[in-house]
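Read through the structure below, which is laid out as structure tokens, and then see the notes.
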Amino acid sequence: MLLSLKGAFPPAILALADGTVFVGNSIGAQGTTVGEVVFNTSLTGYQEILTDPSYCQQIVTLTYPHIGNYGVNPEDVEADKIHAAGLIIKNLPLLASNFRSTQTLSEYLIEGKTVAIADIDTRKLTRLLRDKGAQNGAIVGLAAGEEVTQAKIDQAIAAAKAAPDMKGLDLAKVVTTTKSYPWSQTEWKLGQGYGKLESPKFKVVAYDFGVKTNILRMLAERGCDVTVVPAQTPAKDVLALNPDGVFLSNGPGDPAPCDYAIAAAQEIMAAKKPLFGICLGHQIMALASGAKTFKMQNSHHGANHPVKELDTGRVSITSQNHGFAVELESLPANVRATHISLFDGTLQGLERTDVPAFCFQGHPEASPGPHDIAYLFDRFTALMAKAQEKNNA
């Protein structure tokens, strides 16, 4: 039973900066939101997507047509709130069924004060974004009884055109934690829920540029006693904790303005501490090593992206969420490519040849999946174990 009857929910307007307008139904909070409109091809995981801090100031279009059929629950979150600026879907099932569900998607969006629209042609929107590239947009969720008028459409278009460009935006400072905290929760298991780290093997400091909680859980699952620190923490403070390794997290926005993070990564690598970066952390490590980044015309968002490991030829299906990438041609002599995208050939992984540091553009911690490339966490712990052996020799 799908949302198809006008009047079941109030009307809503989606306007793009190029003047394209869609009219549908408001399934979230009343009001206006703006951001960069992108599309995500994942079939499941809408709750994880909404709460991923990497989607800060982005409006997410889900290409799978039926979203909300399994509801939401308090466990499947990547942060303590919804970070996506808005949500665009085709059909909202009126019935949500799952043994873990505690709320409907619409209830969750309203509670999270997130503006969202349904009942629009998401195939048309996706083709437009694919052909023209991501662009800014605005969703206007009207109140019950309000009608769509030309004046409201004009206001929505004006809001979309006035939204800030993602290029040049440092959003890591916006989403980061304000103070350090310990993390010991391990991965979720059916019938048991989340576990707790009992026997730590490694001490890890994780920079929070917008970290997803499943990254922290996968580190803890592998014996890492994690301390999460704010994005602007100086490297000297991190090194003073004498960690076995340092982690650079995912996050939103343009990596180039994050000069504080780039400087910290340079110092940590100079100290030859094992370093692992994901997503924004990958881009920061690359910039700290002398490479360059660029804004992609067609950003990567989805859970079906094939990535090839160059050393072995192994192909992994991965989750992706990024609008910036590292220029392959800009890599200095002490940095080598380890992974590439089989969709468009863009760089997906790097490692330093002179220090124990590597990084990956996609999301090996993907929740709910795929999990093909989770072995990178084992690679990080192997680097730390090797460093421990060397120090104890």
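Quick one: longest stretch of the chain between exposed loop trypsin sites (Lys or Arg not before Pro), exposed meaning at most 16 other C-beta atoms within 10 Å and loop per DSSP?
315-393
Roll a 1.4 angstrom probe over the protein heavy atoms and tell me the percent of accessible area of the range 29-130 that is carbon or sulfur.
That share works out to 52 percent.
Just check the range 135-244 against the gyration tensor rule for me: Cα atoms, a ≥ b ≥ c as the square roots of the eigenvalues, rounded for a/c under 1.5, and otherwise prolate or oblate depending on whether a/b exceeds b/c.
oblate
Keeping every protein chain present and rolling a 1.4 Å probe, give me the accessible area per residue for the range 339-393 in Å².
Per residue, the range 339-393 has 42 Å² of solvent-accessible surface.
Output needed for the range 228-296: three equivalent-ellipsoid semi-axes, defined as square roots of 5 times the C-alpha gyration tensor eigenvalues, in descending order, whole Å.
Sorted largest first and rounded, they come to 20, 12, 10 Å.
Could you sort 44-56, 258-270 so that the peptide with the highest average Cβ count within 10 Å comes first and the rest follow in order?
44-56, 258-270
Distances over 16 Å make up what percent of all Cα-Cα pairs in the range 107-159?
Across the range 107-159, Cα pairs with separations above 16 Å total 59 percent.
Find the percent of Cα-Cα distances in the range 47-134 that exceed 17 Å, and round it to a whole number.
More than 17 Å apart: 49 percent of the Cα pairs in the range 47-134.
Kindly identify the range 187-250 as rounded, prolate or oblate by the Cα gyration tensor criterion: order the square roots of the eigenvalues as a ≥ b ≥ c, call it rounded if a/c is under 1.5, otherwise compare a/b with b/c, prolate if a/b is larger, else oblate.
oblate
Less than 20 Å from a label point 7 Å out along the Cα-to-Cβ axis of residue 393: which backbone N atoms in the range 218-254 qualify, by residue?
From the range 218-254, the list is 244-245.
Using 20 Å bins from zero, what percent of all Cα-Cα pairs in the chain falls into each bin?
For the chain, the pair-distance distribution reads 29, 56, 15, 0.
Could you work out which residue, out of 235, 325, 84, moves most in a Gaussian network model of the chain, that is, has the largest mean-square fluctuation with Cα springs under 10 Å?
235
Would you mind getting the accessible area per residue of the range 1-103, heavy atoms of the protein chains only, 1.4 Å probe, in Å²?
Computed with neighbouring chains in place, this is 38 Å² per residue.
Relative to the compact-globule scaling 2.2 N^0.38 Å, provide the ratio for the alpha-carbon radius of gyration of the range 289-331.
Cα-based Rg divided by the globular estimate yields 1.32.
Tell me the relative contact order for the range 282-393 as a rounded percent, counting alpha carbon contacts under 8 Å between residues six or more apart.
In percent, rounded to a whole number, it is 25.
Which loop GluC sites (Glu not before Pro) in the range 55-136, with loop taken from DSSP, have no more than 12 other Cβ atoms within 10 angstrom of their Cβ?
Sparse-neighbourhood loop GluC sites (Glu not before Pro): 75.
Give the distance, in whole Å, between the Cα centre of the range 175-208 and the Cα centre of the range 46-86.
Answer, in whole Å: 21.
With just the Cα atoms defining each centre, how far is the range 90-118 from the range 230-277? Give it in Å.
37
According to a simple spin-label model (label point 7 Å from Cα along Cα-to-Cβ), what is the distance in nm between residue 267 and residue 294?
Computed distance between label sites residue 294 and residue 267 equals 3.3 nm.
Give me the percent of accessible area attributable to carbon and sulfur for the range 237-393, probe 1.4 angstrom.
50
Binning at 10 angstrom from zero up to the longest distance, how are the C-alpha pair distances of the range 330-393 distributed in percent?
19, 42, 30, 9, 1
Counting only other residues whose beta carbon sits under 11 Å from that of residue 123, what net charge do I get with K and R as +1, D and E as -1?
That works out to +3.
Contact order normalised by length for the chain, with contacts defined as Cα pairs under 8 Å and 6 or more residues apart; what percent is it?
15
Between 0 and 90 degrees, rounded to the nearest ten: what's the tilt of helix 375-392 against the longest Cα principal axis of the chain?
The angle comes out at about 30 degrees.
Is the C-alpha gyration tensor of the range 7-54 telling us rounded, prolate or oblate? Criteria: a/c under 1.5 is rounded; beyond that, a/b larger than b/c is prolate, otherwise oblate.
Taking the square roots of the gyration eigenvalues as a ≥ b ≥ c, the range 7-54 is oblate.
Once Rh is set to the Kirkwood radius over Cα pairs, what Stokes-Einstein translational diffusion coefficient, in µm²/s, holds for the range 250-393 at a temperature of 25 °C and a viscosity of 0.890 mPa s?
In µm²/s, the coefficient is 161.
The values are calculated or read from the model by the stated rules, or taken from the named source; none is laboratory data. All values derive from a computational prediction rather than experimental measurement. Please note: Cβ atoms are built from the backbone with ideal geometry, for glycine as well, and neighbour counts cover all protein chains shown. The protein model used for the area step is the full one, side chains on, heavy atoms only, and it has no ligands, DNA or RNA in it. Shrake-Rupley method; radii C 1.70, N 1.55, O 1.52, S 1.80 Å.
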